[in-house]
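Novice: Right, I'll just put the structure down here and ask away after.
The values are calculated or read from the model by the stated rules, or taken from the named source; none is laboratory data. Being a predicted model, the structure only gives us computed values, none of them experimental. All Cβ positions, glycine included, derive from the backbone under ideal geometry; neighbour counts span all protein chains shown. For accessibility, only protein heavy atoms count, side chains too; no ligands or nucleic acids. Shrake-Rupley method; radii C 1.70, N 1.55, O 1.52, S 1.80 Å.
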Amino acid sequence: MIEISHVNKWYGPSFQVLKDCTTSVAKGEVVVVCGPSGSGKSTLIKCVNALEPFQEGQIILDGIKVNDPKTDLPKLRARVGMVFQHFELFPHLRIIENLCLAQEKVLGRSHDEAVAKGDKLLERVGLKAHANKYPAELSGGQQQRVAIARALAMDPIAMLFDEPTSALDPEMISEVLDVMVDLAHEGMTMMVVTHEMGFASKVAHRVIFMDKGEIVEDAQKKDFFGSPRSDRAQKFLSKILSH
Amino acid sequence: MFGNLDFDVIRRSLPYLFLDGMSFTLMLTGLSALGGLIFGTLIALMRLSGYKLLGRIAGLYVDFMRSLPLVLVIFWFYFLVPYIGQWLTGASRPIRVGAFTSSLVTFIMFEAAYFSEIMRAGIQSISRGQPAAASALGLTYAQSMRYIVLPQAFRNMLPVLLTQTIVLFQDTSLVYVLSIPDFLGAASKVAQRDGRLVEMYLFAAAVYFAISCVASYGVRRLQARIAIVR
């Protein structure tokens with residue numbers, strides 16, 4: 001589904017954020033990307049739907065080359081859901097309007113159709129009662145669930161999560177993770193940048209560990225948590241699992 | 001000292017002052033603000049676009065307009081627009097442009113420079129995550145601007161835009177140089193005709209003051225309300 005091969009990216013002439021990154025996500029697979037901050041994991045996931053350009057290598061998404069100038073990027077992006085660290089709901093639109101806008105403007109669905117779909121998804125994330133509120137009236141956890149629903153409303157073939165729980169208070173993390181776990185169990189293809197190792201050990205198929213722009217470890221879940229091969233991944237795990 | 005002042009001249013000329021003068025002033029203010037906002041937003045988008053040349057042109061335009069006195073621009077346009085029209089349409093004689101059209105074009109062009117800076121600040125005040133989220137949903141650049149960025153920029157900047165419009169409302173009185181009967185022009189005409197300069201100019205000042213004050217108060221109320229919504 002997602003094929004990332006030999007991706008190199010520089011900021012400016014000398015600072016390399018991604019170094020020869022190669023990996024893939026198969027259909028129905030849940031891949032967790034972890035690593036210390038500044039390791040390039042968010043940058044990598046943003047390259048997948050071309051929110052960030054990269055200079056070398058290629059990414060193929062469902063058979064379409066992302067970094068081909070001829071690719072219709074808006075059309076491609078509409079097929080991949082993305083959830084951001086800071087939710088990025090549209091504050092001037094009601095919750096239901098947040099869910100409907102792209103359905104109508106991008107997919108060309110009728111307003112009634114979009115609202116019906118939106119209502120169904122809001123119910124699924126347990127927020128149907130909030131449909132007519134504005135994002136600022138919701139808690140962080142609720143906003144992130146809306147953001148997931150908004151992405152799902154586009155019927156995506158895969159979902160990208162960029163640190164979806166990092167900006168949340170601890171007591172709100174689980175309500176978001178619950179939604180993500182359900183999604184994973186349903187067979188959604190997911191690429192998730194997160195520090196939530198509990199989530200990784202529960203639903204991930206594979207874990208990728210990045211450090212300094214490189215993919216240091218790319219292993220099946222049980223291998224990664226059982227015996228990570230690299231020193232750096234071992235150190236990272238011992239630091240975040242020791243508490 | 002007020003003994004020989006005749007304030008009845010105001011009452012007698014009220015219909016002329018307001019039905020002719022003030023309605024002209026308000027119409028010029030409203031249309032200029034609207035046109036200036038649209039044109040200004042386009043300039044702001046040009047400046048923020050990735051295209052260097054477009055950005056430079058827009059920047060030069062803004063700097064140019066902001067370095068000229070408004071009265072001069074009004075004058076200049078009034079005498080120049082007929083010739084520009086002639087040149088554009090290839091007519092044999094200068095196009096006849098009414099004083100209203102000429103002053104409207106002037107104010108739109110002039111205010112666009114100021115409105116564009118306000119809108120530019122407004123667009124830049126939107127976090128980069130917003131257009132990113134719009135793109136991630138498949139919206140094109142134009143759609144993202146239209147549905148996500150510009151509405152928020154406009155709402156955030158509404159108090160500043162309205163304050164600028166109040167300034168514009170006062171500035172429209174400068175059309176007196178074209179002897180157009182806007183509110184001040186009308187008052188001035190009556191003042192000259194009846195020899196009641198003190199009364200009429202006092203009254204005109206009071207009216208501008210009252211309207212601007214009430215409008216400023218309204219803007220402050222609005223600002224407080226917007227602050228709560230965010």
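Novice: Let's test the formula: R0 of 51 Å, r as the Cβ-Cβ distance of B:Phe7 and B:Ser92. What FRET efficiency results, to the nearest 0.05?
Specialist: 0.45
Novice: Aspartates and glutamates near A:Lys27 by alpha-carbon distance under 15 Å, same-chain residues fewer than 8 away left out - which ones?
Specialist: A:Glu3, A:Asp62, A:Asp155, A:Glu186
Novice: I'd like the mean, over residues of B:125-136, of how many other protein chain beta carbons sit within 10 Å of each residue's own Cβ.
Specialist: Per-residue shielding by partner chains comes out at 6.
Novice: Just need log10 I(q)/I(0) for segment B:147-230 at q = 0.12 Å⁻¹, Debye formula, equal scatterers on the alpha-carbon atoms, no solvent, rounded to two decimals.
Specialist: For segment B:147-230, the Cα-only Debye profile gives -0.50.
Novice: Additional query: Relative contact order for chain A using alpha-carbon pairs under 8 Å, separation at least 6, rounded to a whole percent?
Specialist: Once normalised by length, the contact order is 27 percent.
Novice: Also, I was wondering about something else. Taking only protein heavy atoms and a 1.4 Å probe, what accessible area per residue, in Å², does chain B have with all protein chains in place?
Specialist: 54
Novice: Would you tell me the mean number of C-beta atoms belonging to other protein chains that fall within 10 Å of each C-beta in A:50-57, as a whole number?
Specialist: 1
Novice: To continue, here is another question. Normalise the Debye intensity by I(0) for segment B:8-229, one equal point scatterer per Cα, no solvent, then take log10 at q = 0.07, 0.10 Å⁻¹ and round to two decimals.
Specialist: Ignoring solvent entirely, the Cα scatterers give -0.29, -0.57.
Novice: Partner chain Cβ atoms within 10 Å, averaged over the residues of A:84-95 - can you pull that number for me?
Specialist: Mean partner-chain Cβ count within 10 Å for A:84-95: 5.
Novice: Could you sort B:Arg12, A:Arg124, B:Arg196, B:Arg93 by accessible area so the largest value comes first, with the probe set to 1.4 Å?
Specialist: Solvent-accessible surface, decreasing: B:Arg93, B:Arg12, A:Arg124, B:Arg196.
Novice: What is the antiparallel percent of DSSP beta bridges lying wholly in the protein assembly as shown, to the nearest 5?
Specialist: 55
Novice: As a test of the formula, what do you get for chain B when each DSSP H run with n ≥ 4 contributes -39,500 (n - 2.57) and the sum is divided by the residue count, at 222 nm and rounded to the nearest 500 deg cm²/dmol?
Specialist: The per-residue figure over chain B is -25000 deg cm²/dmol.
Novice: Quick check: the distance between the Cα centres of segment A:182-212 and segment B:153-230, to the nearest angstrom?
Specialist: Taking the Cα centre of segment B:153-230 as reference, the centre of segment A:182-212 is 61 Å away.
Novice: Write down Rg/Rh for segment B:122-188, rounded to two decimals, with Rg from the C-alpha atoms and Rh from the Kirkwood relation over Cα pairs.
Specialist: Across segment B:122-188, the Cα-based Rg/Rh ratio is 1.33.
Novice: Note the per residue figure in Å³ for the convex hull of the C-alpha positions in the protein assembly as shown.
Specialist: It comes to 213 Å³ per residue, whole-number rounded.
Novice: I would also like to ask the following. When you count, for each residue, the other Cβ atoms within 10 Å and take the mean per peptide, how do A:67-73, B:182-188, A:210-216 rank with the highest first?
Specialist: Packing order, densest peptide first, comes out as B:182-188, A:210-216, A:67-73.
Novice: Got the relative contact order for segment B:34-174 handy, in percent, Cα pairs under 8 Å and 6 or more residues apart?
Specialist: So the answer I get is 30 percent.
Novice: Which of these, B:Thr165, B:Thr29, B:Thr101, has the largest mean-square fluctuation under a Gaussian network model of chain B (Cα springs below 10 Å)?
Specialist: B:Thr101
Novice: Could you tell me what percent of the DSSP beta bridges with both partners in chain A are antiparallel, to the nearest 5?
Specialist: 55
Novice: With each run of n ≥ 4 DSSP H residues scored as -39500 (n - 2.57), what mean residue ellipticity at 222 nm is computed for chain A after dividing by its residue count and rounding to the nearest 500 deg cm²/dmol?
Specialist: -11000 deg cm²/dmol
Novice: Pick from A:Ile95, A:Ile64, A:Ile157: which is most flexible by mean-square fluctuation in a GNM of chain A where alpha carbon atoms under 10 Å apart are linked?
Specialist: Ranking A:Ile95, A:Ile64, A:Ile157 by mean-square fluctuation puts A:Ile64 first.
Novice: Cut-off 10 angstrom, C-alpha nodes, Gaussian network model of chain A. Which of A:Asn132, A:Asn98, A:Asn49 fluctuates the most?
Specialist: A:Asn132
Novice: Here's another thing I want to ask about it. Expressed as a whole percentage, what fraction of the accessible surface of the protein assembly as shown belongs to carbon and sulfur atoms when a 1.4 Å probe is rolled over the protein heavy atoms?
Specialist: 59
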